[in-house]
Amino acid sequence: MNSLEKWANLNSIPISFRPKWINNRSEFDHYEINLIVGEKNSGYILTLVERLTRKAFAIKLENRTMKHTNEKFLKLINKENIMLKSIAKDNGMEFNLLHEITNKINVKLYTFNTYASCERGTNENFNGLMRREYPKSTNFSNLNDDKINSLLSKINKMPWITA
C-alpha cells in the first residue's frame, strides 16, 4: 500500500499528499476554499480561489453550519459553472461535511495543516484583498451578493505578481 492509499477512506487527504503539479500551479481547476467572518459573526463570505489563474468566486452565508455551507457551495459552483479537480480547505468546522459534495462530483479534497496559513497563500492573499473593503470590524448583516460580486470583479481584474 502506498502512502496515499492509506488516506483513501478518509473524508479528506492531508495537504502534504497533494501532488507537486498542483502545488506548482501547472493545471487549471484546483481551488482553495475559505470563509471570511463578519464582525461578531454578523455574516460570512465563502471564498473559492483557483490556484493557477487566481480567479475568485464568493457567496454570502447567513450562518456557518456545515449544511448551510454545503448548500451555498453547491449554489456557487452551479451558478458560476465552476469546474473542479481538487479543493483544499482549512480545518474550520463549516467544511467538515464538504466531502459529501466532493465525493459525489469526484473531486479530491485536501486539508491544510492546523495553524499553517502559509500553506494556503492563494486564498489568504485573496481574503486580504477582500478585507481592504471589508475590514474585520465590518458588520456583514446588510452585505449582499451584488456587493460581493462588484468587489470580486475589481479584484479579479487586478494583475497578480507571480514568482
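Just so it is clear, none of the values below were taken in a lab; they were calculated from the coordinates. Everything quoted here is computed from the prediction, not taken from an experiment. Note: ideal-geometry Cβ built from the backbone for every residue, glycine included; neighbour counts use all protein chains shown.
Before moving on, here are some points about what is shown:
- Charge dipole of the range 11-153 about the Cα centre (unit charges at C-beta), most positive-ward option of GLY38, ASN149, SER12: SER12
- For the pair HIS68 and SER16, label points projected 7 Å from Cα toward Cβ lie 3.5 nm apart.
- Relative contact order (%) - criterion: Cα under 8 Å, at least six apart; region: the range 11-153: 30 percent
- When the range 49-94 is reduced to its Cα atoms, the Kirkwood hydrodynamic radius in Å: 11.7 Å
- Of LYS108/LYS154; LYS67/LYS147; LYS20/LYS154, those spanning more than 28 Å from alpha-carbon to alpha-carbon: LYS108/LYS154; LYS20/LYS154
- Partners for LYS60 among aspartates and glutamates (Cα-Cα distance below 19 Å; same-chain residues under 8 apart left out): GLU32, GLU39, GLU50, GLU71, GLU80, ASP90, GLU94, GLU124, GLU133, ASP145, ASP146
- For the chain, the pair-distance distribution built from all alpha carbon pairs, in bins 10 Å wide starting at 0, is 10, 41, 37, 11, 1, 0 percent.
- Dipole magnitude for the chain: about 220 debye, using +1 per Lys or Arg Cβ and -1 per Asp or Glu Cβ, origin at the Cα centre.
- DSSP bridge orientation in the chain - percent antiparallel, rounded to nearest 5: 60 percent
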